[in-house]
Amino acid sequence: MLWLGVAYLGALAALFLTSLWGQNSFTGEIERTWTLDNFRDLFTIEVYRTITWRTLAVAALVTVVDALIAFPIALYMAKVASPRVQRLLVIAVLMPLWASYLVKAYAWRGMLSENGLVSWVAAPFGLDSPGYGLTATIITLAYLWLPYMIIPVYAGLERLPDSLIEASSDLGASAAHTLRRVVLPMAFPAIVAGAIFTFSLSMGDYIAVRIVGGANQMLGNVVYDNVGAANNLPFAAAVATVPVVVMLVFLGAARRTGALENL
Amino acid sequence: MTLSRGARALLLAFTLMALVVVYTPLLLVIVNSFSVSRTFAWPPTEFTLQWWEVAARSQGAREALWVSVQVALVATFVALVLGTMAALALQRFHFFGRNTVSLLIILPIALPGIVTGIALNNAFRTIFGWDLGFLTIVVAHATFCIVTVFNNVQARLRRLGGNLEEASMDLGAGTFTTFRLVTFPMLRSALLAGGLLAFGLSFDEIIVTTFTAGAQQQTLPIWIFNNLFRPNQAPVVNVVAAVLVIASIIPIWIAQRLSGSTSEGLTGAR
């Protein structure tokens with residue numbers, strides 16, 4: 001029964017062993033000699049450093065954008081809307097999740113294209129579509145993962161008792177003050193829980209950046225290219241450890257806020 | 001909350017605007033599938049049904065769709081069996097390493113897809129010596145589908161407790177009779193929700209699939225991705241994308257038919 005679990009863990013372990021192996025630069029065969037060369041390359045070669053930072057920055061920005069958009073929506077859903085509207089909004093938020101990931105990324109390729117819908121809407125304001133690039137990648141990723149942020153924050157806000165908010169306003173706090181001193185601190189673990197999804201999903205992505213990112217690369221592309229075209233599995237494995245380590249650090253930090261109970 | 005009327009209106013306006021932005025790209029995909037023009041130029045000038053005909057005859061798209069359906073069905077079935085067994089084992093028995101196992105089951109979905117992808121690719125080829133093909137896609141998909149079934153079943157079991165099963169055993173039913181007549185009927189809607197999620201996850205998955213599919217097998221997402229950058233195929237891709245957007249209503253509809261508590265289950269896991 002646990003065969004799959006064992007096989008999966010074994011596969012992960014084997015992957016990290018591979019990252020410590022060298023590759024014969026002449027034949028391309030994997031040589032089973034222990035070396036840290038792959039990690040040295042990863043940290044010393046300028047391109048890979050840039051890509052690593054770019055990936056982290058994109059993932060962080062996507063998370064911030066999603067949190068800023070998701071919080072007001074979740075607040076409206078949890079604390080203002082009537083139960084009927086609440087139910088409808090939950091469906092409305094969830095439905096795009098069932099539409100294919102690829103289709104949504106493709107849709108943004110259409111939205112952002114030259115003479116596309118975005119530039120048509122922006123034209124009267126004297127603006128233009130950002131075109132394909134990092135901005136487009138951030139927009140697309142934020143769009144793709146938005147429901148993963150809304151749902152935990154909504155669930156977190158719904159658990160927040162109304163009596164606390166009433167008490168705060170009875171004691172003379174304005175709505176803005178209540179929001180800052182009561183609602184936000186209580187909702188923070190839920191926001192972190194949503195951030196785990198948006199951050200992890202953005203960091204591993206290489207498809208959206210291929211579709212709308214122009215010539216830009218993320219860590220996922222480096223891994224993909226090294227498995228496929230370059231056929232350098234040890235280096236790909238070394239690159240792949242970066243998101244894993246970042247995620248473990250992230251999860252460790254998230255546990256302190258109590259976010260894991262909000263998953 | 002004691003928000004002023006202005007603040008409430010502002011929140012409502014923001015929510016509605018966000019929803020409009022969320023649904024615009026999806027509608028755009030559908031509109032584009034009818035557009036005569038092969039580019040994404042907006043507004044579209046003329047409409048036609050021609051591309052839908054072309055797409056319906058497209059051999060590649062049809063085959064890819066068939067592969068996707070088969071993979072998703074088999075992977076869902078495997079995930080249902082293994083996920084239920086794992087949840088039952090963790091709930092009913094206490095054994096060494098119990099907490100580690102539940103973490104292990106969640107791992108394939110918590111780590112970025114590309115890591116799962118190359119780990120499995122590496123294991124299939126070098127450790128097991130398998131050729132990449134239909135089987136490897138199914139095993140890979142089942143690996144990350146288990147978690148959705150597991151989560152749903154475990155949540156249900158926790159809510160039910162073991163009393164009914166104990167009563168059944170006390171009345172003389174064996175383990176299998178109890179499972180067939182008591183446990184399974186109570187789990188049915190949780191299994192349906194978990195299975196639906198697993199099917200959706202498998203049908204849509206591209207990253208892990210890229211690394212575990214052989215050259216012969218193309219699932220629908222891989223077919224779309226391969227044809228995305230070919231201008232000739234753009235109209236067919238538009239139609240396939242539109243069909244997928246429209247088809248995404250089906251699972252939501254099924255979820256609504258299930259009781260309210262199970263539609264909660266549909267939101268829980270990724």
Worksheet item: Which whole number gives the average count of other chain Cβ atoms within 10 Å of the Cβ atoms across peptide A:72-83?
Response: 4
Worksheet, complete the sentence: GNM of chain A, Cα pairs under 10 angstrom: of A:Asp162, A:Asp170, A:Asp128, the biggest fluctuation goes to A:Asp170
Practice prompt. Compare A:Pro147, A:Pro161, A:Pro243 in a GNM of chain A, Cα atoms joined below 10 Å, and give the one with the largest fluctuation.
Written response: A:Pro161
Worksheet item: Over all residues in A:198-210, what is the mean tally of Cβ atoms on other chains that come within 10 Å of each residue's Cβ?
Response: 3
Worksheet item: How long is the protein assembly as shown along each principal axis, judged by its Cα atoms, biggest number first, in Å?
Response: 75, 75, 52
Discussion item. Rounded to whole Å, give me the distance from the Cα center of the stretch A:70-102 to that of the stretch B:163-181.
Written reply: 41
Item to complete: Would you mind telling me which residue in B:Gln154, B:Gln233, B:Gln256 has the biggest mean-square fluctuation in a Gaussian network model of chain B, where springs connect alpha carbons within a distance under 10 angstrom?
Response: B:Gln256
Worksheet item: Counting only residues 5 or more places away or on other chains, whose amide H sits under 5 Å from the amide H of B:Ser248 once H atoms are built in the peptide plane?
Response: none
Worksheet item: Under 5 Å between amide H atoms, partner at least 5 residues away or on a different chain: which partners does A:Ser129 have, H built in plane at 1.01 Å?
Response: A:Ser119
Discussion item. Along the Cα→Cβ direction, 7 angstrom out, place labels at A:Ala57 and B:Leu19. What is the inter-label distance in nm?
Written reply: 3.7
Worksheet item: Taking the Cα centre of each part, how many Å lie between the stretch A:51-69 and the stretch A:170-190?
Response: 26
Worksheet item: In deg cm²/dmol and to the nearest 500, what is the mean residue ellipticity at 222 nm of chain B if only DSSP H runs of at least 4 residues count, each as -39500 (n - 2.57), divided by the residue total?
Response: -24000 deg cm²/dmol
Response to the item:
Checking rank on B:60-67, A:63-70, with mean other Cβ inside 10 Å and highest first, the result is A:63-70, B:60-67
Worksheet item: Can you give the charge dipole size of chain A about its Cα centre, rounded to the nearest 20 debye, using +1 on the beta carbon of Lys and Arg and -1 on the beta carbon of Asp and Glu?
Response: 440
Fill in: Cα principal axis extents for the stretch A:62-175, largest first, Å
54, 33, 24
Worksheet item: About its Cα centre, what dipole magnitude does the protein assembly as shown give when the only charges are +1 on Lys and Arg Cβ and -1 on Asp and Glu Cβ, stated in debye to the nearest 20?
Response: 800
Worksheet, complete the sentence: Highest mean packing first, using Cβ neighbours within 10 angstrom, the peptides A:82-89, A:150-157, B:186-193, A:203-210 sort as A:203-210, A:150-157, B:186-193, A:82-89
Fill in: Whole-Hz ³J(HN,Hα) from phi, Karplus 6.51 cos²θ - 1.76 cosθ + 1.60, for the stretch A:183-195, glycine and proline x
5, 4, x, 6, 8, 4, x, 5, 5, 4, 4, x, 5
Discussion item. Per-residue Cβ counts within 10 Å, from other chains only, averaged over B:12-23: what number is that?
Written reply: 5
Practice prompt. Return the FRET efficiency for the residue pair B:Ile246, A:Ala215: r is the Cβ-Cβ distance, R0 is 41 Å, and the value is rounded to the nearest 0.05.
Written response: 0.75
Item to complete: Normalise the Cα radius of gyration of the stretch B:109-204 by 2.2 N^0.38 Å (N = residues in it) and let me know the number.
Response: 1.44
Worksheet, complete the sentence: Here the membrane-span-like helices of chain B, with no claim about any membrane, defined by DSSP H, Cα axial extent at least 15 Å and mean Kyte-Doolittle at least 0.5, are B:5-34, B:59-92, B:98-110, B:134-160, B:184-204, B:234-247
Worksheet item: How many times 2.2 N^0.38 Å is the alpha carbon radius of gyration of chain B?
Response: 1.23
Discussion item. Using a 7 Å offset from the Cα along the Cα-to-Cβ direction at both A:Ala176 and A:Trp120, what is the distance between the two label points in nm, to one decimal?
Written reply: 3.9
Worksheet item: Computed on alpha carbon atoms, what radius of gyration and Dmax characterise the stretch B:145-245, expressed in Å?
Response: 21.2, 68
Discussion item. For chain A, take every pair of Cα atoms, bin their distances at 5 Å starting from 0, and report each bin as a whole percent.
Written reply: 1, 6, 10, 13, 14, 14, 13, 11, 8, 5, 3, 2, 1, 0, 0, 0
Worksheet item: Where does each of B:117-129, B:10-22 land if you order them by average Cβ count within 10 Å, highest first?
Response: B:117-129, B:10-22
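Only the coordinates and a few stated rules stand behind these numbers; no lab work does. In this text the structure is predicted, and so the values were computed from the model without any measurement. Virtual Cβ from ideal backbone geometry, glycine too; neighbours counted across all protein chains shown.
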